[in-house]
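**Student:** Here you go, one structure.
The values are calculated or read from the model by the stated rules, or taken from the named source; none is laboratory data. What you are looking at is a predicted structure, and each value in this text was computed from that prediction instead of being measured. FYI the Cβ positions are ideal-geometry reconstructions off the backbone, even for glycines, and counts take in every protein chain you see.
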């Protein structure tokens, strides 16, 4: 949830700046309503995640370009391979994301949070910090490819420190 908190704080700051003095009161009112609704979740993580993602989409909706790349995505291949992807496209044209997957019959889990993925052509690339490199000193790299229709292809390299030897991030994630 801390990742979602950081993304929401950044989206809030951007939205407040875009709203200017004319729209600030309405934006603050909608934030108060969202906070009240979020409180109704209590400690239910699924409910909280749903409210956070919904609010992120509302706050980024003022810019069609940014809203089209922000959102929730999922993939499932059979019963044993599935995952979720949450993306926020920020006004500085960087991408932040959260990927959680389970692979194989024994559900090898993989979870990664990232911020500051840089645009390279039509893709976004995030390189993990050197302090989290694998045993051979290689940094995790996640490549996000937004596709026509709103889906996102994820390819990764050297991310075993986040996923273990059998976990995986790579998939075509369909927009929810």
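**Student:** Would you mind finding the one in 171, 102 that is within 20 Å of residue 70 (Cβ to Cβ) and either in the same structural domain as residue 11 (by TED's automatic domain parsing) or more than 13 Å from the chain's Cα centre (by Cα) (or both)?
**Tutor:** Working: 102 fails: within 20 Å of residue 70 (Cβ to Cβ).
Sole residue among the options that is within 20 Å of residue 70 (Cβ to Cβ) and either in the same structural domain as residue 11 (by TED's automatic domain parsing) or more than 13 Å from the chain's Cα centre (by Cα) (or both): 171.
**Student:** In addition: Does residue 62 count as modelled with pLDDT under 90 and either farther than 30 Å from residue 163 by Cβ or in a helix (DSSP H, G or I) (or both)?
**Tutor:** Yes: the conditions hold for residue 62.
**Student:** Among the residues of region 32-47, write down those that are touching a helix residue (DSSP H, G or I) at 6+ places or on another chain (Cβ under 7 Å) and surrounded by 14 or more Cβ atoms within 10 Å (Cβ to Cβ).
**Tutor:** First, pick out the residues of region 32-47 that are touching a helix residue (DSSP H, G or I) at 6+ places or on another chain (Cβ under 7 Å): 34, 37-38, 41.
Scanning region 32-47 gives 34, 38, 41.
**Student:** Restricting attention to region 93-103, does a residue exist that is under 20 Å from residue 163 (Cα atoms) and at pLDDT below 85?
**Tutor:** Checked against the condition, which is being under 20 Å from residue 163 (Cα atoms) and at pLDDT below 85, region 93-103 yields at least one hit.
Condition check ((1) assigned by TED's automatic domain parsing to the domain that holds residue 111; (2) under 20 Å from the mean Cα position of the chain (by Cα); (3) free of Cβ contacts under 8 Å to residues at least 12 places away in the same chain) across all residues:
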| position | (1), (2), (3) |
| --- | --- |
| 7 | no, yes, no |
| 12 | no, yes, no |
| 16 | no, no, yes |
| 25 | no, no, yes |
| 32 | no, no, yes |
| 36 | no, no, yes |
| 44 | no, yes, yes |
| 52 | no, yes, no |
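**Student:** A further question on this structure: Let me confirm something: among 144, 87, 169, which residue is buried (at least 20 other Cβ atoms within 10 Å of the Cβ) and either under 21 Å from residue 50 (Cα atoms) or free of Cβ contacts under 8 Å to residues at least 12 places away in the same chain (or both)? Spell out how you get there, then give the answer.
**Tutor:** Working: 144 fails: either under 21 Å from residue 50 (Cα atoms) or free of Cβ contacts under 8 Å to residues at least 12 places away in the same chain (or both); 169 fails: either under 21 Å from residue 50 (Cα atoms) or free of Cβ contacts under 8 Å to residues at least 12 places away in the same chain (or both).
Selected residue: 87, the only one of 144, 87, 169 that is buried (at least 20 other Cβ atoms within 10 Å of the Cβ) and either under 21 Å from residue 50 (Cα atoms) or free of Cβ contacts under 8 Å to residues at least 12 places away in the same chain (or both).
**Student:** Name the residues in region 128-141 that are closer than 13 Å to residue 113 by Cα and either in contact with a helix residue (DSSP H, G or I) (Cβ under 9 Å, 6 or more places away or on another chain) or buried (at least 17 other Cβ atoms within 10 Å of the Cβ) (or both), would you? Walk me through how you get there before you give the answer.
**Tutor:** Filtering region 128-141 down to residues closer than 13 Å to residue 113 by Cα leaves 128-129, 132, 140-141.
Listed by number, the residues that qualify are 128, 132, 140.
**Student:** Moving to a separate point now. Could you tell me which residue of region 146-176 is modelled with the highest pLDDT, considering only residues that are over 16 Å from residue 107 (Cα atoms) and assigned to a loop (DSSP other than H, G, I, E, B)?
**Tutor:** In this case the residue turns out to be 151.
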